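Okay, so here's the structure we're looking at.
What follows draws every value from the coordinates through simple rules; no lab data is involved. What you are looking at is a predicted structure, and each value in this text was computed from that prediction instead of being measured. Glycine also receives a Cβ, built like all others from the backbone with ideal geometry; neighbour counts cover every protein chain displayed.
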């Protein structure tokens with residue numbers, strides 16, 4: 001292999017940097033176009049009624065999607081309560097104790113589950129919960145979303161806890177601190193920012209899911225009557241209103257899309273801030 | 001047994017420190033025998049150094065003494081470690097009790113990153129149970145930091161992060177943390193190898209101050225350090241199939257002037273390792 005001349009290497013270096021920069025710009029442009037489009041279409045829908053009123057029949061102006069906003073929050077909150085504790089504990093187990101066949105299998109199936117199409121999880125929740133109980137419900141939607149969140153929380157928690165240097169845990173054990181206290185009160189707090197980041201990103205991921213909700217939450221024009229009734233959600237409003245022929249409804253759909261984008265953006269931002277705080281603290 | 005230091009008889013170790021004895025101790029990583037059949041009697045209140053080339057099993061042996069070896073997956077030890085006459089490897093002995101009685105300082109300073117300086121010192125006391133006595137938490141923290149010769153440097157910033165200190169200060173913080181639970185024995189695994197020369201001197205001074213109150217066992221790569229600081233020296237060497245054995249164990253002055261074993265002499269005079 002012959003040595004390249006310095007001027008050629010410099011040219012090649014600049015050329016490759018330009019290619020990389022171009023790719024970054026393309027990624028940025030796609031995001032910018034989507035966001036700009038959603039904002040330009042959606043901002044007109046945002047007003048007081050949008051956030052406080054129920055949907056109105058076609059032809060009547062002044063309706064809102066308050067029930068869908070509350071419904072989305074309710075479903076995602078329930079899903080988080082189900083998925084985050086189980087996922088975090090499973091991730092801690094995998095990071096610190098998981099070495100046998102069980103752990104290897106949990107890891108493998110988590111990875112498969114992460115890539116599972118969400119509509120498959122929707123039909124799973126439909127046949128497992130909605131059909132036996134005989135009705136669409138908020139809790140079936142929460143369970144479907146929890147299934148999607150679980151593997152994300154498990155693997156991000158595992159990675160975060162794995163990043164904690166082993167000498168920290170050994171230092172705790174060497175003081176005569178019992179293993180469970182060393183794990184929960186010394187090791188895990190070091191990984192706290194990473195765990196919170198993973199949980200927030202999984203929330204961001206499922207907040208926009210619509211396919212599983214079609215089979216489970218179903219949607220509703222009214223305030224929810226409880227956990228076992230059909231419930232409205234933002235992604236469902238986007239889907240149903242967006243394909244409707246009525247401009248008023250389409251406008252609401254754009255508004256919902258904007259609210260979702262802002263929500264996901266905010267969650268990502270919070271996750272990022274939590275992470276950067278950790279880095280600067282060390 | 002009389003203690004000899006630098007050729008001069010040392011002050012007789014009048015001590016309340018606890019005795020530690022190793023009988024036929026072998027350590028394994030899975031099927032690999034890493035340390036074979038070690039017998040040693042550590043003088044109470046004295047400083048014993050373990051020296052030898054990399055991979056000779058000196059750190060492994062050290063970690064067997066407070067049952068930290070078995071924390072590594074598939075690692076196990078056989079034989080007896082007698083602390084004040086009690087075998088720590090007897091069934092029914094709780095390893096967490098053992099570790100409270102035998103403190104440990106690691107090669108790299110490892111203060112807990114989420115805790116302040118004072119929380120680091122008190123971590124063991126809070127999470128492993130308060131040592132006997134009616135001292136308050138503040139008193140324990142101050143006493144431990146003073147013993148670790150760190151108090152004057154940190155007394156005005158006790159509530160800053162432990163990781164905000166310099167490397168040498170962090171290591172003394174870890175020593176304070178180990179002392180806070182009031183151990184009987186202190187194990188030090190190359191405590192100064194990650195530190196600059198000035199910090200190293202401070203750690204060595206500190207060891208000499210703690211001498212007498214604690215039975216101290218230190219693993220070191222640095223032969224000068226062993227010669228400077230220790231009363232006794234054990235030389236370990238890995239033979240065939242990387243199994244470490246104790247070659248010779250005697251007072252430090254004898255080890256460094258008139259070793260019995262040819263291999264000890266070769267190592268100490270720098271002919272290998």
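What the table shows:
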{"quantity": "Approximate spin-label separation residue B:201-residue B:262, in nm, with each point projected 7 Å along Cα-to-Cβ", "calculated": "4.1 nm"}
{"quantity": "Segments A:216-227, B:28-39 sorted - mean Cβ within 10 Å per residue, highest first", "calculated": "A:216-227, B:28-39"}
{"quantity": "Inter-label distance for residue A:7 and residue A:119, nm, one decimal - labels placed 7 Å from Cα along Cα-to-Cβ", "calculated": "5.8 nm"}
{"quantity": "Relative contact order of the stretch A:181-263, pairs being alpha-carbon contacts under 8 Å that are 6 or more residues apart, as %", "calculated": "20 percent"}
{"quantity": "Ordering of B:147-154, A:188-195 by packing [mean C-beta count within 10 Å, highest first]", "calculated": "A:188-195, B:147-154"}
{"quantity": "Largest-first principal axis extents, alpha carbons of the stretch A:152-276, Å", "calculated": "68, 33, 19"}
{"quantity": "Segments A:82-88, A:30-36, A:179-185 sorted - mean Cβ within 10 Å per residue, highest first", "calculated": "A:82-88, A:179-185, A:30-36"}
{"quantity": "Computed [θ] at 222 nm, deg cm²/dmol, chain A (DSSP H ≥ 4; -39,500 (n - 2.57); rounded to nearest 500)", "calculated": "-23500 deg cm²/dmol"}
{"quantity": "Stretchable slack from residue A:221 to residue A:112, in nm (0.36 nm times residue separation minus alpha-carbon distance)", "calculated": "35.7 nm"}
{"quantity": "For A:184-191, mean number of other protein chain Cβ atoms within 10 Å", "calculated": "3"}
{"quantity": "GNM top mover of A:149, A:116, A:60 - chain A, alpha-carbon springs below 10 Å", "calculated": "A:60"}
{"quantity": "Tensor-based shape of the stretch B:123-273 (alpha-carbon gyration tensor, a/c under 1.5 rounded, otherwise prolate or oblate)", "calculated": "prolate"}
{"quantity": "Residue among A:61, A:110, A:229 with the largest mean-square fluctuation in a Gaussian network model of chain A, springs linking Cα atoms under 10 Å", "calculated": "A:61"}
{"quantity": "Residue B:193-residue A:34 pseudo-label distance in nm [points 7 Å out on the Cα-to-Cβ vector]", "calculated": "5.0 nm"}
{"quantity": "Antiparallel bridges, percent of DSSP beta bridges restricted to chain B (to nearest 5)", "calculated": "60 percent"}
{"quantity": "Ratio of Rg to Rh over the protein assembly as shown (Cα coordinates, Kirkwood Rh, two decimals)", "calculated": "1.13"}
{"quantity": "Principal axis dimensions, the stretch B:145-211 - Cα atoms, whole angstrom, descending", "calculated": "28, 28, 17"}
{"quantity": "For B:105-114, mean number of other protein chain Cβ atoms within 10 Å", "calculated": "5"}
{"quantity": "Gyration tensor verdict on chain A (Cα atoms; rounded if a/c is under 1.5, prolate if a/b is larger than b/c, oblate otherwise)", "calculated": "oblate"}
{"quantity": "Whole-percent pair-distance distribution, where bins are 10 Å wide, for the alpha carbons of the stretch A:31-137", "calculated": "11, 22, 28, 24, 11, 3, 0"}
{"quantity": "FRET efficiency, 1/(1 + (r/R0)^6) with R0 45 Å, evaluated for residue A:133 and residue B:159 via beta carbons", "calculated": "0.25"}
{"quantity": "Reciprocal mean inverse distance between Cα atoms of the stretch A:6-45 - Kirkwood radius, Å", "calculated": "12.3 Å"}
{"quantity": "Shielding by partners - mean other protein chain Cβ count within 10 Å, residues of B:85-96", "calculated": "1"}
{"quantity": "The stretch B:89-180 - Rg and Dmax from Cα coordinates, angstrom", "calculated": "13.4, 46"}
{"quantity": "Share, in percent, of DSSP beta bridges within the protein assembly as shown that are antiparallel, nearest 5", "calculated": "55 percent"}
{"quantity": "Normalised contact order of chain B, rounded percent, pairs of Cα under 8 Å and 6 or more residues apart", "calculated": "28 percent"}
{"quantity": "Reference-scaled alpha-carbon Rg (2.2 N^0.38 Å with N residues) for chain B", "calculated": "0.98"}
{"quantity": "Radius, Kirkwood style, for the stretch A:11-79 when every pair of distinct Cα atoms is counted (Å)", "calculated": "15.8 Å"}
